[in-house]
Amino acid sequence: MVKLAYLLGGLLVLIGLIWIGQGSGYFPYPAESFMIDQSPWIYWGALVAVFGVAVIVMARFKRPLQ
């Protein structure tokens, strides 16, 4: 279960960073994407990335059920 949480958290961080890159225009792929140079996607990406980090931190400190 902890490995699944690490995987989910890592994917969320990756997706968030991609959204930040597309929203800021640094990662314009695909070229016709509606997300390119749209600042709301920077904030949504940051939110998703922070949530991913929180999932990883919670998985790191999770205690097994007794």
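The values are calculated or read from the model by the stated rules, or taken from the named source; none is laboratory data. Source: prediction; values computed, not measured. Glycine gets a Cβ as well: all are built from the backbone with ideal geometry, and neighbour counts include every protein chain shown.
Can you report the number of residues in the stretch 21-66 which are within 17 Å of LYS3 (Cα to Cα) and of a type in the set (D, E, K, R)? Let's see the steps before the verdict.
Residues of the stretch 21-66 that are within 17 Å of LYS3 (Cα to Cα), as a first pass: 51-65.
Checking which are of a type in the set (D, E, K, R) leaves us with 60, 62-63.
Residues flagged as within 17 Å of LYS3 (Cα to Cα) and of a type in the set (D, E, K, R) within the stretch 21-66 amount to 3.
Would it be correct to say that VAL48 is under 11 Å from the mean Cα position of the chain (by Cα), among the β-branched types (Val, Ile, Thr) and surrounded by 16 or more Cβ atoms within 10 Å (Cβ to Cβ)? I'd like the intermediate steps shown before the answer.
Working: under 11 Å from the mean Cα position of the chain (by Cα): yes; among the β-branched types (Val, Ile, Thr): yes; surrounded by 16 or more Cβ atoms within 10 Å (Cβ to Cβ): yes.
So VAL48 passes the test.
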message: Restricting to the stretch 35-66, name every residue that is out of contact with any helix residue (DSSP H, G or I) (no Cβ under 9 Å at 6 or more places or on another chain) and either of a type in the set (A, V, I, L, M, F, W, C) or at pLDDT 85 or above (or both).
response: PHE61, LEU65
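Being of a type in the set (Phe, Trp, Tyr), assigned to a loop (DSSP other than H, G, I, E, B), free of Cβ contacts under 8 Å to residues at least 40 places away in the same chain and surrounded by 13 or more Cβ atoms within 10 Å (Cβ to Cβ) is the requirement here; does PHE27 meet it? Full working, then the answer.
On the way: of a type in the set (Phe, Trp, Tyr): yes; assigned to a loop (DSSP other than H, G, I, E, B): yes; free of Cβ contacts under 8 Å to residues at least 40 places away in the same chain: yes; surrounded by 13 or more Cβ atoms within 10 Å (Cβ to Cβ): yes.
Answer is yes for this residue.
Can you pull out the residues in the stretch 11-24 that are crowded, with 18+ Cβ neighbours inside 10 Å and hydrophobic (A, V, I, L, M, F, W, C)? I'd like the intermediate steps shown before the answer.
At the first step, the residues of the stretch 11-24 found to be crowded, with 18+ Cβ neighbours inside 10 Å are 12-13, 16, 19-23.
Hits for the stretch 11-24 are LEU12, VAL13, TRP19, ILE20.
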